[in-house]
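Enquirer: Have a look at this one.
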Amino acid sequence: MVRVVFGVLGPTVAAGDSGDALALKGPRHRAVLARLIVARRRVVPVARLVEDLWADPPPGAVGAVQTFVAALRRVLEPERPPRAPARLLVTDGPGYALRTEPDTVDAWRFETALATAADLPAQQALATLEEALGWWRGPAYAEFADEDWSRGERARLAELRLQAVERRAEAHLALGRPADAVPDLDAHLTEHPWREDAWRLLALALYRQHRQGDALAVLRRAREVLTNQLGLDPGPRLRHLQSDILTQTPTLDLPPNTPAPPHPPRGARNRALGSNEPAPKTSGPPHPPRGARNRAPSPIPPEPNTPPPPTTPPPADLWTRAAKTYNRTVAKGTRARLESTVGLIRNLAVTGGEGLAEARHHRTAAITAAEEFADPELTARVIGAYDVPAIWTRADDPSAAEHIVAVAERTLAALPAGPHDTARCRLLATIALETRGAPGPRGPEAAREAEALARRLDDPALLAFALNGRFMQSFTRAGLAPRRDAIGAELVELAVRHGLVTYEVLGHLIRLQARAALADFAAADTHAATADRLAERHELPLVGVFTEWYGALRLSATGEPARAEAACRAAAARLDGAGMPGLERGLLPLALLCLRLTHGLPPDPDPRADWGPHRPWAEPFTLIAEGRHTEARTALHALPEPPHDLLYEAYCALEAEAALRLDDRTVLERARTRLRPAAAELAGAGSGLLTLGPVERYLTD
């Protein structure tokens, strides 16, 4: 059998033993191959391949996929006898898998090399990393950059490549070759200026070339970039390096694995990064000349009459003292106070209940105050700082959302592109989030622009915010649960890699919804349990509201209506006072109506219930129950286009069910057209709250 190797660190290619490239034919053939490589030897169902290859699958899409696979098999296994089973691109159950060995895919070899280098001596690690980085021919899966199915893998591989560049610089430093590290790090930071570890390594490499001034200049530049573009202070490793360079700490010149001598006095280490203050004098001996630095100095004696360190007050007192000090020292009405307030509002929002309601109110006031300064950059920072993860696709305060979008649009128009791309990205993501469920092209357009900017800026927190906006705009039609599942998967991976806990929770909740829609309750259970565990650890009480409603949905979907009804009522009680009126209002009567319809029970809708925004879809059932069929038909024909949100399929199924009971063919045709793309899903289960059973049942009826 001819051995085939695959390359995805750049455009997708395949080659035989001789090294000659194999003719993979057209772009869809390459897309099928690349999609199977992304799956890492796992089966990809044909239905998923169709979804991934076409935004709007044509008639005969399944047959086209089979044709692509047959053509690929002829190229990959040219010596396979007719009708003999394939050994490489195999059929397995509902789909296909590429059962190639781990060392035949350059991306997989790269991961192995990076992991191996971590345990090797510096010289061998450097050689391993140099070879592995040489395998890159461009961005991973280069020709599929805009495909949903490739984004998570592309982002993961890009992050690993950045780590490899930085580990190569560390190896150069460990081998005493700082001059070799500088050019690569300079180029690396030009493309990826948010990499704190790269700034640290570059400053250290310059210092070890006796370029102390250049090293300090690099650290000042790092502060400017991180502060101006991200609104962040440099991390502790950068701050400590600044102090160590200013005091010429001997450990900076020590080879690896050398025990560190004692640190200098605390006063010399606590100056903020970017300060040009001279180091305070101590009673210890002067530092040795640079040539003598590798000899461990004698310990520095303590300063005489040094007072003992202060005792730490309890956390509650710390908060009170800090708030009083801030209120006393920072003038009212200043930009600094306004921006600090937004940070507090953001933290308040995730506490739920009263905190969330108050955060919404104060956020609107802060945005209005920011705009009064006539400073677009300030307004952009105030709007964009509220990157609170959002899972529900209806605004809790529509008028406030409309106001925020209007201010964001005005600010966006006032900010030029280029220097303010980070701020523009946050504004666009905010627009995508705040136009959730609204008709029109602006929301999806803003989501796409925000995501593209975030990926170009290579900023993980910014990308997570943009992906949240993209999720909010992923309800333009039925049947998009697989697309949302991919968004959730990328969010989880991104958040785990970069410590973005609230977005990690969001990713799990999105995947819970998507897997429930696809009737994959084993996976949905796992995501619910993980979200609950993270919520408990990080004090995020609102998460339990959604996982408890999911529990009720699961009971309904698995044939336990009595227990499901009790669970719905318990979940609704927990939702009371959670500060989410856009979710709470009318949800319990809607869930109970769906539960009864799913299990063939009389709908029995309560006409006196507060149905909230769901009333138009409940009204036909109320009228049918009262025997008023003519009025029910009128109400059915008056139904608006369902909002493009998490209840889209549920509303369509309710419309279909009412039309069946009234034998209204016109409405049945309309509902069938809307529901057909979701034929493989459970109606309404994508909400994570309720279900009306398989969509296929409505299509069949």
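The values are calculated or read from the model by the stated rules, or taken from the named source; none is laboratory data. Only a predicted model underlies this, so the values are computations on that prediction, with no experimental measurement involved. Quick reminder, even Gly has a Cβ in these numbers, built from the backbone with ideal geometry, and neighbours come from all protein chains shown. Accessible surface is based on the protein model in full, side chains and every heavy atom, while ligands, DNA and RNA are left aside. Shrake-Rupley method; radii C 1.70, N 1.55, O 1.52, S 1.80 Å.
Enquirer: Helix 398-414: angle to the longest alpha-carbon principal axis of the chain, degrees 0 to 90, nearest 10?
Expert: For 398-414 against the chain, the angle is about 50 degrees.
Enquirer: Among the trypsin sites (Lys or Arg not before Pro) within segment 105-202, which fall in a DSSP loop and have no more than 15 other Cβ atoms within 10 Å of their own Cβ? Walk me through the numbers on the way to the answer.
Expert: On the way: sites: 109, 137, 151, 154, 156, 161, 167, 168, 195, 200; in loops: 137, 195.
Counting only loop positions with at most 15 other Cβ atoms within 10 Å, the trypsin sites (Lys or Arg not before Pro) in segment 105-202 are 137.
Enquirer: Starting at 0 and stepping by 10 Å, how many percent of the alpha carbon pairs of segment 548-698 end up in each bin?
Expert: Per 10 Å bin, starting at zero, the Cα-Cα P(r) for segment 548-698 comes out as 12, 44, 36, 8, 0 percent.
Enquirer: Report Rg (one decimal) and Dmax (nearest whole number) for segment 403-454, counting Cα atoms only, units Å.
Expert: When restricted to the Cα atoms of segment 403-454, Rg and Dmax are 10.3, 32 Å.
Enquirer: Starting from the Cα of residue 699, step 7 Å along the direction of its Cβ; do the same at residue 79; then give the gap between the two resulting points in nm.
Expert: Output for this residue pair reads 4.4 nm.
Enquirer: So, for the chain, what is the accessible surface per residue at a probe of 1.4 Å, expressed in square angstrom? Please report the intermediate quantities before stating the final value.
Expert: Values: 31970 Å² over 701 residues.
Accessible area per residue, the chain: 46 Å².
Enquirer: Leaving ligands, DNA and RNA out of it, report the carbon-plus-sulfur percent of the accessible area of segment 69-226 at a 1.4 Å probe. List each step's numbers first, then the result.
Expert: Numbers: 3530 of 7020 Å².
The C+S portion of the solvent-accessible surface of segment 69-226 is 50 percent.
Enquirer: If I take R0 = 51 Å and measure r between the Cβ atoms of residue 192 and residue 661 in this structure, what FRET efficiency does the formula 1/(1 + (r/R0)^6) give, to the nearest 0.05? The partial results should precede the final answer.
Expert: Values: r = 59 Å, r/R0 = 1.17.
For R0 = 51 Å, the calculated efficiency reads 0.30.
Enquirer: Return the whole-Å distance between the Cα centroid of segment 370-403 and the Cα centroid of segment 545-586.
Expert: 29
Enquirer: Between segment 195-244 and segment 656-696, how many Å separate their Cα centres?
Expert: Cα centroid of segment 195-244 versus Cα centroid of segment 656-696: 58 Å apart.
Enquirer: A follow-up question, please. Could you calculate the FRET efficiency of residue 476 with residue 212 from 1/(1 + (r/R0)^6), where r is the beta carbon distance between them and R0 is 60 Å, rounded to 0.05? Numbers along the way, then the final one.
Expert: Numbers: r = 57 Å, r/R0 = 0.95.
Using R0 = 60 Å, I get an efficiency of 0.60.
Enquirer: What is the percent carbon and sulfur in the accessible area of segment 591-677, measuring with a 1.4 Å probe over the protein chains and ignoring ligands?
Expert: The value for segment 591-677 is 51 percent carbon and sulfur by accessible area.
Enquirer: State the extension gain, in nm to one decimal, for the chain segment bounded by residue 17 and residue 124, taking 0.36 nm per residue of separation less the distance between their alpha-carbons.
Expert: Going from the current span to full extension adds 35.8 nm.
Enquirer: Would you mind checking the tilt of helix 315-329 against the longest principal axis of the Cα atoms of the chain, expressed as 0 to 90 degrees and rounded to 10?
Expert: With both axes taken from Cα atoms, the answer is about 80 degrees.
Enquirer: Please give the helix 561-575 orientation as an angle from the longest Cα principal axis of the chain, in degrees from 0 to 90, rounded to the nearest 10.
Expert: Approximately 50 degrees, to the nearest ten.
Enquirer: To the nearest 500 deg cm²/dmol, what mean residue ellipticity at 222 nm is calculated for the chain from DSSP H runs of n ≥ 4 alone, each contributing -39,500 (n - 2.57), summed and divided by the residues?
Expert: It lands at -19000 deg cm²/dmol.
Enquirer: Let me ask something additional. Rounded, prolate or oblate: pick one for segment 458-560, where a ≥ b ≥ c are the square roots of the eigenvalues of its C-alpha gyration tensor, a/c under 1.5 means rounded, and failing that, prolate if a/b is larger than b/c, else oblate.
Expert: Oblate, since a/c reaches 1.5 and b/c is not below a/b.
Enquirer: What FRET efficiency comes out for residue 501 versus residue 576 if R0 is 30 angstrom and r is the Cβ-Cβ distance? Round to the nearest 0.05. The partial results should precede the final answer.
Expert: Values: r = 27 Å, r/R0 = 0.88.
Using R0 = 30 Å, I get an efficiency of 0.70.
Enquirer: Taking 7 Å along the Cα-to-C-beta vector as the label spot, tell me the residue 86-residue 563 distance in nanometres, rounded to one decimal.
Expert: 4.2
Enquirer: Projected onto the charge dipole of segment 635-678 (+1 at Lys/Arg Cβ, -1 at Asp/Glu Cβ, origin at the Cα centre), which of 675, 650, 640 gives the Cα projection farthest towards the positive end?
Expert: 675
Enquirer: Please compute the volume of the convex hull spanned by the alpha-carbon atoms of the chain and report it per residue in Å³. Kindly include the intermediate steps, with their values, before the conclusion.
Expert: Numbers: hull volume 133.7 nm³, N = 701.
So the per-residue Cα hull volume is 191 Å³.
Enquirer: Measure off, as a whole percent, the carbon and sulfur share of the 1.4 Å-probe accessible area of segment 409-462, all protein chains present. Walk me through the numbers on the way to the answer.
Expert: Working: 1290 of 2150 Å².
Of the solvent-accessible surface of segment 409-462, carbon and sulfur hold 60 percent.
Enquirer: Once fully extended, how much extra length lies between residue 54 and residue 67, figured as 0.36 nm per residue of separation less the alpha-carbon to alpha-carbon distance?
Expert: The span from residue 54 to residue 67 would gain 3.2 nm if fully extended.
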